[in-house]
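Below: the structure, in structure tokens.
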Amino acid sequence: MQAVKNIFIVDDHQMVIDGLRLIIDTIEGFDIVGESTSALQALDVLATVNTDILLTDVSMPEMSGIELTRLVKKKHPHIKVIALSMFSESQVVAEMIDAGISGYILKNTGKQELIEALNKVASGQNYFGQDITLQLMKSFKRNQDESSRLTDREIEIIRMIEQDFGNKQIADMLFISERTVETHRKNILRKTNTQTVVGLLKYAYERKII
């Protein structure tokens, strides 16, 4: 028989917590050991309560779910985190994944999906709702399309930027003018939707361009 998994809920709306409690109390194998409408308070309580799964809102006033997840995974790496949100934007999901979540579900989800998410995460798997998976797939395809629009010359220049070469050095090595290099850089930033060299390099690393 599988051991009971202890759940802690964090959401700045008590009504959401009450609704989750009503559902989870009917699910066999799970026990709610704590709740909080404050992310900061939750951090203190988690240090004293044996918790297996943390259900956390993404958007909270004192501290975002992203920040809370990072801190929880740092202090209590054994705790699995499931994000709760009204939003399915791929960027938010990606940031939560980067922070260390094991699951992401929308607040308008039904009881069955919540049960499935809890059971999968409790067994060591990840769970992302159908809408979330669709958004991530769209974002992945969009990123692929953006990267494929970069020309060979633009990719070459990105790699030279990564090596910390300035415009004049790049121009000399490619036998083109500095003005042409500047034009290429502007086009690269526009195509990758980045504003800084740091942002551009992060984009390039994530998509294995460099």
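Once C-alpha pairs closer than 8 Å and six or more residues apart are averaged by separation and normalised to the residue number of the chain, the relative contact order reads 13 percent. For the chain, the longest piece that avoids every one of the GluC sites (Glu not before Pro) found in DSSP loops with at most 15 other C-beta atoms within 10 Å covers 90-210. Projecting the Cα atoms of 124, 200, 22 onto the charge dipole of the chain (Cβ charges, centred on the Cα centre) puts 200 farthest toward the positive pole. Of the solvent-accessible surface of the range 1-74, computed with a 1.4 Å probe over protein heavy atoms with every protein chain present, carbon and sulfur atoms account for 53 percent.
What the Cα atoms of the range 43-94 give is an Rg and a Dmax of 11.2, 34 Å. Rounded to the nearest 20 debye, the dipole size of the chain about its Cα centre is 800 debye, using +1 on the Cβ of Lys and Arg and -1 on the Cβ of Asp and Glu. Listed cross-link partners 168/191; 120/202; 73/120; 5/74 are compared with a 24 Å cut-off, the Cα-Cα value being larger for 120/202.
To the nearest 0.05, what FRET efficiency results for residue 168 and residue 197 with a Förster distance of 25 Å applied to their C-beta separation?
Values: r = 16 Å, r/R0 = 0.63.
The calculated FRET efficiency here is 0.95.
The values are calculated or read from the model by the stated rules, or taken from the named source; none is laboratory data. Here the structure is a predicted model, which means the values were calculated and not measured. Here the Cβ is made from the backbone with ideal geometry for all residues, glycine too, and neighbour counts use every protein chain on show. Only protein heavy atoms, including side chains, enter the accessible area calculation; ligands, DNA and RNA are left aside. Shrake-Rupley method; radii C 1.70, N 1.55, O 1.52, S 1.80 Å.
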